[in-house]
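The values are calculated or read from the model by the stated rules, or taken from the named source; none is laboratory data. This one's a predicted model, so the numbers in the text were calculated from it and none came from an experiment. We place every Cβ from the backbone using ideal geometry, glycine too, and count neighbours over all the protein chains shown.
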Amino acid sequence: MAEKTRIVVLGGGYGGVAAMKKLYKKLKGNSNIEFTLIDRNQYHTLMTELHEVAGSRVDPASVQVSFKRIFSGTRIKVVTDTIQNIDFENKRLLSKNAKYDYDYLIIAAGGDPEFFGIEGIQDNSFTLWSLEDAMRIRTHVEECFRKAACEPDPFERRKLLTFVIAGAGFTGVELAGELAERRRVLCRQYHIEEREVRIIIVEALGKILAMLSDKLRDKAEKYLKKLGVDVYLNSPIFKAEPQCVIIEGGKKIEAATIIWTAGIHGSELTAKLSLTKGQEARGECSYASWEEGIHGMSGCRFEEDEVYLVGKRGRILVNELMQSVDHENVLLVGDILWFVEGGKVLPQIVETALQTAEVAADNIIALVEGKPERRKFKSNYHGFMVSVGSKHAVSNAGGIELSGFFAMALKHLVNLHYLWGLAGLNAVWGYLTHEFFEVKDGRSFVGSHLSAKIPVYWAVPLRLFLGVKWFLEGAKKVGEGWLNPGEGGFFNVDPSKIKIPGVKFGDITSAATAAGEWAGKTAEKAAEAVTAATQAATDAVSSATGAAADAVAAATGAAGGAAPAWGQALVSTDSWLYKIYEWIAQNIIGIHPTVAFFMQIGLVLAEIGIGLALFSGTFTFLAAAASIGLGLMFIISAMGSAELFWYILAALVMMGGAGRGFGLDHWIIPWIKDWWNKRKIAKKTYLYLGEPRD
């Protein structure tokens, strides 16, 4: 048996996951390859949405996509561990308690905040570079409001209600927008005047969002000011102290909350790796925790043995194949690498991570398969998008500049596109749920229109009533002989017993079709009577109108006597919709009386089944969907009146989980969910509900 080829990806961020998915897609047919992904967490973090967690727009779970959801149904082994060093000579990754051998390695360990050697900034600030960071900010902000509400000292109260964000790039601007919206909610909750709360962006440059055009920058800054955010430009931070930042020139801003978003560099792991760096971070005094790496220490409590000095870290130099310049079998992707293209270093953004991952994966595939071709990196950036709160954004995508509603819609679409490739419908549905269907305080660009809910118990009476109506309709058809095949039995059906409209067998027409045609002719005569009465109104308005009314009433009564069971049909037998149905009835249903009769039985049983399912609250979603489908079929086949509209609309309400309240779905659906999530097909198609099960 041949020795296994071991491919290891270190890091489960955007680049690491993209590289592993491509490697597995291309090499999964080779059973001699082992795939391993190592990350300190059990989940992939949507880093671009962390500001939403920090600002309490969404719950922490909304930015977590577990590796089980991403890789279930594959041979990829996911290891949760923290790698402390790499032995490149022996091809081995080292953690505190384990060793992992590799033949090919992709390092996707990402970046960590860069503090530029500014005195006191790491000790006295929060950062926003992990889910843990976001949750610390989220908790701290609310704690500040809680304390301020009962703080008698005006100076301390002002400090508690001042929030300083250092940096006016993507993260800083997006976080400021979220905190401004959160301010409104917390001010109402703690009875604080909004004017007391200050949110300040401090930027060293003379403009915000330097990567965007002046037009988009102006729109973003204008909206920030509309939200009540102060922007200090040309204000580099010189020093930080507890609850205070000092700007060059000596200006002090007293604030209980300082959030640093002003830069990133290579991760703390790079300080330990014997690889050539393209650039080193400024200063050597950053320190890190074993579990989270480098981050702001405000709000943190660690024992001495839980933190350590990092040393000289940086971004690792790679060639155009994304290989380390030191080892051919070690490739790097994302924020951790240093590569200069066209005189400019690659930016540390998501698109860089995804595109470098594609190149690295392709080149490992070529190495494994022994192919001489190599793929060289060539960037293809599509643009930038920045949200300012939940309702406004600015974007430049493909050279098209947008702002406001359409930019926000585009940002959501881009996120959905990424999530579809990440974990299919499961991840997409999760995003829609968090961003629209369960969002709180109307913090969505469509407000609370999609998140407003009614208690399920209000839908129970409607469910019971709709179920009874369907059951009685089916029982009525049984009484009318819809289940009677005639003297010949089920396999020699009397054609006259077929009551489905439009079905013909040679010269024999079904009873329902004859009745429907007669009703249609009667209705045409009624229409002619109305026309004649209307023309006569020129000479004798009152008498002609009365005569017309009598004629319509008489005609309607005549038609009603022979109309289908649902009342006067909405669709005429002359309409194109009915013609389509008629073709199906004559050429498929009417191919033989036995076929038509079993279709007829199915129709009756469907009505009874829908009724029982709705009444008992069993598989309510499916029963409601069948109710809608059956209602539309009755309308198209000229069997349905306006009454069917409320059947259809009521069924839409049922699809919102009406069976979970006082129905059997309360017990059945959770059991089915657990059973389904264990199926291999569910894992392969990403169609599981929530998290997959082993």
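Of Tyr24, Tyr104, which residue is of a type in the set (Phe, Trp, Tyr), under 20 Å from Ala427 (Cβ atoms), at pLDDT 95 or above and surrounded by 15 or more Cβ atoms within 10 Å (Cβ to Cβ)? That would be Tyr24, the only listed residue that is of a type in the set (Phe, Trp, Tyr), under 20 Å from Ala427 (Cβ atoms), at pLDDT 95 or above and surrounded by 15 or more Cβ atoms within 10 Å (Cβ to Cβ). With respect to the stated conditions, Phe445 fails to be crowded, with 19+ Cβ neighbours inside 10 Å and in contact (Cβ under 8 Å) with a residue 60 or more places away in the chain. Quick one: would you say Glu304 is within 23 Å of Ile83 (Cα to Cα) and free of Cβ contacts under 8 Å to residues at least 12 places away in the same chain? Here the answer is yes, as Glu304 does meet what is asked. Scanning the stretch 652-677 for residues that are among the hydrophobic types (A, V, I, L, M, F, W, C) and in contact with a Leu (Cβ under 7 Å, 6 or more places away or on another chain) returns Val653, Met654, Trp676. Looking at the stretch 574-655, none of the helices (runs of 4 or more DSSP H) lying wholly inside it contains 3 or more residues that are farther than 28 Å from Phe490 by Cα, aromatic (Phe, Trp, Tyr) and touching a Pro at 6+ places or on another chain (Cβ under 8 Å).
Among all positions in the stretch 685-692, there is at least one residue which is touching a strand residue (DSSP E or B) at 6+ places or on another chain (Cβ under 8 Å) and surrounded by fewer than 18 Cβ atoms within 10 Å (Cβ to Cβ).
Just one of the listed residues (Ser379, Ser387, Ser395) is surrounded by fewer than 19 Cβ atoms within 10 Å (Cβ to Cβ), among the polar types (S, T, N, Q), over 14 Å from Ala18 (Cα atoms) and modelled with pLDDT of 95 or more, and it is Ser379.
Checked against the criterion of being closer than 24 Å to Glu438 by Cα and crowded, with 23+ Cβ neighbours inside 10 Å, the candidates Val65, Val53 yield just one match: Val53. Suppose we filter the stretch 276-291 for residues that are in a loop (DSSP other than H, G, I, E, B), surrounded by fewer than 20 Cβ atoms within 10 Å (Cβ to Cβ) and touching a residue at least 40 places away in the same chain (Cβ under 8 Å); how many remain? Summing the residues that are in a loop (DSSP other than H, G, I, E, B), surrounded by fewer than 20 Cβ atoms within 10 Å (Cβ to Cβ) and touching a residue at least 40 places away in the same chain (Cβ under 8 Å) in the stretch 276-291 gives 6. Of the set (1) closer than 30 Å to Ala427 by Cβ; (2) without any contact (Cβ under 8 Å) to a residue 60 or more places away in the chain; (3) of a type in the set (Val, Ile, Thr); (4) in the same structural domain as Asp494 (by TED's automatic domain parsing), all apply to Ile591 but (1).
Among the residues examined, Phe406 qualifies as out of contact with any helix residue (DSSP H, G or I) (no Cβ under 9 Å at 6 or more places or on another chain) and closer than 30 Å to Asn380 by Cβ.
To keep it simple, each residue is scored yes or no on (1) in contact with a Ser or Thr (Cβ under 6 Å, 6 or more places away or on another chain); (2) in a helix (DSSP H, G or I).
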{"position": "Gly442", "(1), (2)": "yes, no"}
{"position": "Val446", "(1), (2)": "no, no"}
{"position": "Trp458", "(1), (2)": "no, yes"}
{"position": "Phe465", "(1), (2)": "no, yes"}
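Please count how many residues of the stretch 292-347 are in a loop (DSSP other than H, G, I, E, B) and in contact with a Lys or Arg (Cβ under 6 Å, 6 or more places away or on another chain). Number satisfying all stated conditions: 3. Across the stretch 660-671, the number of residues qualifying as over 19 Å from Thr433 (Cβ atoms) and of a type outside the set (Phe, Trp, Tyr) comes to 5.
Got a sec? Which of Glu358, Glu320, Glu341, Glu304 is assigned by TED's automatic domain parsing to the domain that holds Lys272, at pLDDT below 95, farther than 27 Å from Ala220 by Cα and surrounded by fewer than 22 Cβ atoms within 10 Å (Cβ to Cβ)? Going through Glu358, Glu320, Glu341, Glu304 in turn, just one is assigned by TED's automatic domain parsing to the domain that holds Lys272, at pLDDT below 95, farther than 27 Å from Ala220 by Cα and surrounded by fewer than 22 Cβ atoms within 10 Å (Cβ to Cβ): Glu304. Is it the case that Glu221 is farther than 14 Å from Ala393 by Cβ, charged (D, E, K, R) and surrounded by fewer than 22 Cβ atoms within 10 Å (Cβ to Cβ)? Against the criterion (farther than 14 Å from Ala393 by Cβ, charged (D, E, K, R) and surrounded by fewer than 22 Cβ atoms within 10 Å (Cβ to Cβ)), Glu221 does not qualify.
Restricted to the stretch 352-388, and to residues there that are free of Cβ contacts under 8 Å to residues at least 60 places away in the same chain and small (Gly, Ala, Ser), the residue that is farthest from Ala176 (Cα to Cα) is Gly370. Can you name the helices (runs of 4 or more DSSP H) wholly within the stretch 88-198 that have at least 3 residues being of a type in the set (A, V, I, L, M, F, W, C)? Those helices (runs of 4 or more DSSP H) span 131-149, 170-190.
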